[in-house]
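The values are calculated or read from the model by the stated rules, or taken from the named source; none is laboratory data. Please read these numbers as outputs of a predicted model, since none were measured by experiment. With ideal geometry, Cβ positions are generated from the backbone for all residues, glycine too; neighbour counts draw on all protein chains shown.
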Amino acid sequence: MSTQDPVVPVPVERILIGPITGQDSEALFRWFNDPQAARFDYAWRPVDGMSHQKWITNVGTDPTQVWFAVRRAGHNGIVGFVILRNISPVHRSAELGVRIGEDGDRGRGVGKEAARQVVQYAWKALNLNRIQVSVFADNERALRLYTALGFRREGLLRRAQFIDGAWKNIVIMAALRPKAATTPA
Ligand SMILES: CC(C)(COP(=O)(O)OP(=O)(O)OC[C@H]1O[C@@H](n2cnc3c(N)ncnc32)[C@H](O)[C@@H]1OP(=O)(O)O)[C@@H](O)C(=O)NCCC(=O)NCCS
């Protein structure tokens with residue numbers, strides 16, 4: 001398995017990752033309550049306003065998770081988010097999740113560039129050794145995104161989730177820390 005950083009084409013737009021702010025709350029609430037987008041990701045159930053408010057107030061306080069807002073350079077609006085969750089300091093591992101909120105913003109290289117930056121953060125800031133993703137086997141765009149970033153397929157969970165009336169197989173993929181992520185002292 002190659003441990004080098006994969007070559008990622010320069011995106012058309014400059015994409016930034018950064019903290020979630022109170023102004024992102026409305027868009028996030030809408031996206032969390034978008035059953036169509038959830039069909040690519042998890043078994044959807046509505047998120048109520050009170051729980052959402054509590055979540056966004058505490059979003060930075062859980063040491064096992066880091067949430068990033070994705071923005072276009074020069075614009076305040078959030079276009080998506082990337083999360084590192086189940087961060088384990090013992091195993092130096094985490095799981096990655098990506099969502100570009102609006103359909104019109106997908107397929108333009110934004111998700112790949114944002115995820116690329118978060119993967120670099122995981123290696124260089126969190127000193128992680130392994131990042132895992134779980135992808136529905138029919139989510140072609142997500143499979144291509146993770147493959148392009150150097151994730152390798154490790155296995156298949158058959159009929160792992162029941163989504164919108166059908167069983168879904170889940171592909172497990174992971175990236176291991178590239179040697180290039182560590183600079184000698
Ligand atoms: C999956 C998702 C994060 C990808 O982000 P994106 O910005 O839309 O995707 P990108 O434009 O960065 O493209 C990623 C890859 O998919 C390919 N792609 C783009 N649109 C595609 C489409 N309609 N069908 C198949 N592949 C597509 C791109 O060419 C790229 O692959 P490449 O590097 O081999 O060329 C985003 O579409 C999304 O949020 N979808 C809904 C939620 C979801 O599926 N989350 C992931 C759960 S694991």
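Being buried (at least 17 other Cβ atoms within 10 Å of the Cβ) and away from the ligand (no atom under 13 Å from the Cβ) is the requirement here; does residue 71 meet it? Yes: the conditions hold for residue 71. Every test in (1) at pLDDT 95 or above; (2) surrounded by fewer than 17 Cβ atoms within 10 Å (Cβ to Cβ); (3) within 16 Å of the ligand (Cβ to nearest atom) is passed by residue 27 save one, and that test is (2).
Residues checked against (1) within 15 Å of the ligand (Cβ to nearest atom); (2) aliphatic (A, V, I, L, M); (3) surrounded by fewer than 14 Cβ atoms within 10 Å (Cβ to Cβ):
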site: 135; (1), (2), (3): yes, yes, no
site: 146; (1), (2), (3): yes, no, no
site: 157; (1), (2), (3): yes, yes, yes
site: 163; (1), (2), (3): yes, yes, no
site: 170; (1), (2), (3): yes, yes, no
site: 183; (1), (2), (3): no, no, yes
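Just one of the listed residues (142, 180, 122, 115) is in contact (Cβ under 8 Å) with a residue 24 or more places away in the chain, closer than 21 Å to residue 43 by Cβ and in a helix (DSSP H, G or I), namely 142. Each residue in the stretch 163-177 was checked for being at pLDDT 95 or above and either within 19 Å of residue 39 (Cβ to Cβ) or part of a loop (DSSP other than H, G, I, E, B) (or both), and 6 pass.
Please indicate, with yes or no, whether at least one residue in the stretch 43-58 is exposed (fewer than 13 other Cβ atoms within 10 Å of the Cβ), in contact (Cβ under 8 Å) with a residue 40 or more places away in the chain and over 30 Å from residue 179 (Cα atoms). Yes, some residue in the stretch 43-58 is exposed (fewer than 13 other Cβ atoms within 10 Å of the Cβ), in contact (Cβ under 8 Å) with a residue 40 or more places away in the chain and over 30 Å from residue 179 (Cα atoms).
Checked against the criteria, residue 47 does not count as modelled with pLDDT under 95 and in a loop (DSSP other than H, G, I, E, B).
With respect to (1) surrounded by 14 or more Cβ atoms within 10 Å (Cβ to Cβ); (2) near the ligand (Cβ under 7 Å from one of its atoms); (3) part of a helix (DSSP H, G or I), the lone exception for residue 99 is condition (3). Among the candidates 147, 61, the residue that is under 30 Å from residue 167 (Cα atoms) and among the polar types (S, T, N, Q) is uniquely 147.
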